[in-house]
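Structure first, commentary second.
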Amino acid sequence: MFLPDMHTTKRWQGRAEGRRLGAMAGTISSGSRSEKNGWLRVLGVDPAATGPTGYGIVESDGRRCRMLHYGALKVAAKRQKECAGAALQDVHARVCGLIEEFSPDALAVESVFIALNMRTALRLAEMRGVILLAAAQHGVLVYSYAPREVKARVAGHGHAGKRQMQLMVRALLSMNETPEPSDAADALAVALCHVQTEQTQRRFGLAGQNVPAKPRAHRTRMGSPGLPNEIQPGGATRGGLPRIVSTR
C-alpha cells in the first residue's frame with residue numbers, strides 16, 4: 001500500500017468476532033456493505049490547507065458505533081518544495097487506498113469555510129477536490145457537512161473546542177485512548193456526523209433524502225458566479241465584519 005512521508009496511523013482490531021480487520025476488509029466487495037450485514041461504513045476526511053489531513057473509518061449497525069481505522073497525513077516540507085502538487089497527490093493516493101481497503105458505503109467530508117483568508121480557502125478547495133475525485137473514481141457517494149454542524153452533532157453545540165471533540169469522539173466510539181492528532185479526531189467526528197444523520201432520517205422515514213455533496217453556483221448581487229461560502233458585497237453584519245454565506 002502507498003505510504004507517503006510522515007504518516008501517522010492507528011488501527012483497531014476486532015475482539016470476540018475472531019476476525020482480523022485486514023481479513024474482513026479483504027473479503028468485502030466494492031458494493032454496498034449495508035445491504036449485506038446491516039452495518040453502515042463511512043470514511044470521514046478532514047481536509048487541511050497546510051497541516052495534516054485527517055481520516056477515519058467508522059461503522060454502525062444502528063445501535064452501536066465502532067472505529068475501524070484512523071490517522072493523519074502530512075506531507076514533508078522538502079517534498080512539497082520539490083513538487084508543487086505533492087500534497088494533493090499524496091492525499092489522493094491515501095484516500096484511494098482507504099476506499100480500496102475498507103470499501104466504505106459513503107465518504108463524509110467537511111465543507112470549505114471561508115473567513116477572510118482567500119488563499120487558505122483556495123488551498124482547502126484544492127484538497128477537497130482531490131478527495132472528491134478519489135471518491136468519484138471508486139463510485140462512492142460523498143456527503144458534505146459544515147464544521148459547526150459536525151460539532152453540534154457530536155458534542156451537542158457548534159462551538160466545541162478541539163479537546164472536547166477528541167473526548168466526545170473517544171466516548172462515542174468506546175475507544176481505549178484519545179484519538180491523536182486532533183485532525184484524525186475531526187475526521188472521525190465527520191464520519192459520526194453522517195452516521196447520526198442517516199440514523200435520524202431512517203428513524204423518521206426520511207431515508208435517502210440526505211443529498212450528496214455537489215457544486216453549488218452562488219451569485220453576488222451583481223449576478224456574477226461566486227465561490228462557495230463567498231463574502232457577499234455589502235453584506236456587513238452588525239459588528240462590521242463581512243457576512244459569510246454558508247454552503248449548507
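The values are calculated or read from the model by the stated rules, or taken from the named source; none is laboratory data. All figures in this text were calculated on a predicted structure; none of them were measured in a lab. Please note: Cβ atoms are built from the backbone with ideal geometry, for glycine as well, and neighbour counts cover all protein chains shown.
At a glance:
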{"item": "Residue count, the range 67-90 (criterion: within 21 Å of Leu141 (Cα to Cα) and part of a strand (DSSP E or B))", "result": "4"}
{"item": "Residue that is modelled with pLDDT of 80 or more and not acidic (Asp, Glu), where the choices are Gly14, Gly56, Gly22", "result": "Gly56"}
{"item": "Residue in the range 123-140 that is closer than 20 Å to Pro52 by Cα, touching a Lys or Arg at 6+ places or on another chain (Cβ under 7 Å), assigned by TED's automatic domain parsing to the domain that holds Val109 and modelled with pLDDT of 85 or more present", "result": "no"}
{"item": "Per-region count, the range 97-122, residues under 14 Å from Thr53 (Cα atoms) and not hydroxyl-bearing (Ser, Thr, Tyr)", "result": "5"}
{"item": "Test result for His159, in the same structural domain as Trp39 (by TED's automatic domain parsing), of a type outside the set (Gly, Ala, Ser) and without any contact (Cβ under 8 Å) to a residue 60 or more places away in the chain", "result": "yes"}
{"item": "Tally of residues being of a type outside the set (Phe, Trp, Tyr) and closer than 23 Å to Arg63 by Cα across the range 143-163", "result": "9"}
{"item": "All positions within the range 130-139 that are in a helix (DSSP H, G or I) and closer than 14 Å to Arg94 by Cα", "result": "Val130, Ile131, Leu132, Leu133, Ala134, Ala135, Gln137"}
{"item": "Qualifying positions in the range 173-195 - on the phi < 0 side of the Ramachandran plot and surrounded by fewer than 16 Cβ atoms within 10 Å (Cβ to Cβ)", "result": "Asn176, Glu177, Thr178, Glu180"}
{"item": "Unique match (being out of contact with any strand residue (DSSP E or B) (no Cβ under 8 Å at 6 or more places or on another chain) and assigned to a helix (DSSP H, G or I)) among Val150, Val154, Val190", "result": "Val154"}
{"item": "Residue selected from the range 110-128 under the condition without any contact (Cβ under 8 Å) to a residue 12 or more places away in the chain and outside any loop (DSSP other than H, G, I, E, B), by the criterion surrounded by the most Cβ atoms within 10 Å (Cβ to Cβ)", "result": "Leu122"}
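So that you can scan it fast, the table gives a plain yes or no per residue for (1) at pLDDT 50 or above; (2) of a type in the set (Asp, Glu):
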position	(1), (2)
Glu35	no, yes
Thr50	yes, no
Asp61	yes, yes
Met67	yes, no
Phe102	yes, no
